[in-house]
Amino acid sequence: MSVLSSDVTRLLWTRLLLAAAAMCLPATLLHAALSTAPDISGATSLAGRLLVASPDLHQPEFERTVILLARHDHGGAFGVVINRPLDARPVAGLLEAFGQDGGGITESVRVFVGGPVSPEIGLVVHSADYRREGTIDIDGSVAISPAANVLRDIGLGKGPRKSIVAFGYAGWGPSQLDDEVARGFWVTVPEDAALVFDDDRAALWAEALARHKSEH
């Protein structure tokens, strides 16, 4: 299985942010002009927090979603939805879709809809006990890696202790997420591995929202 070089990995994450800024995304709730200067000076980055949809947010792609934010800076933001599971899929088939050898692997993994942008991009949110080239450590307990780097190890029982395999992501252009949070479309809570990898996906949104209310 090939391993992404650091240059290719940086290119992947850069492409995620550029795609969020360049496309007319469903996440653009405010339809903000993309020509706005990418300036969030003085703003606090929300990277590493859980972004929780407000009860007033009724956009189908994001209603009752919880998103782990991996990046949030002057260039925009992106994260992975962690409570939209699909069916289990054979790891071998997923590897073959990435052009990798799936031979000898019989395990299956539950696949998640990570967001409406670039559904061909696979990402794995996982516990920080596992690390490969290309892994981004979010807070010491949760990390995120390109899926092609991780799936074979998962199939061989050598992967992270906890993981979520997601396709697609949620993305925002410069200042868009800040505007949406200011208008009450989203609230945030500290990232908690117990929430991120909770087996009860159906209850995750309500639990995360309750945590926000208890803190305020």
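Coordinate-derived values only; no laboratory data. Small disclaimer: the values here were computed from a predicted structure and weren't measured. Cβ coordinates were reconstructed from backbone atoms using ideal geometry, including for glycine residues, and neighbour counts include every protein chain displayed.
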Go through segment 79-86 residue by residue and turn each phi into a ³J(HN,Hα) via Karplus (6.51, -1.76, 1.60, θ = phi - 60°); whole Hz please, and just put x for glycine and proline.
x, 10, 5, 10, 9, 10, x, 10
Pop out the ³J(HN,Hα) list for segment 210-216 in order, Karplus 6.51 cos²θ - 1.76 cosθ + 1.60 with θ = phi - 60°, rounded to Hz; leave Gly and Pro as x.
5, 5, 4, 5, 5, 7, 10
Interchain or sequence-distant (5+) residues whose placed amide H lies within less than 5 Å of the amide H of R110 are R89
DSSP-assigned coil residues among trypsin sites (Lys or Arg not before Pro) in segment 96-146, each with at most 15 further Cβ atoms within 10 Å
R131
Within the under-10-Å Cβ sphere about F112, not counting F112, Lys/Arg +1 and Asp/Glu -1 give a net charge of +3
Name the residues whose placed amide hydrogens come within less than 5 Å of the amide hydrogen of A70, ignoring near sequence neighbours (fewer than 5 apart) on the same chain.
G48, F78, G79, V80
What ranking of W172, W186, W205 emerges when the number of other C-beta atoms within 10 Å of each C-beta is taken as an exposure proxy, fewest first?
W205, W186, W172
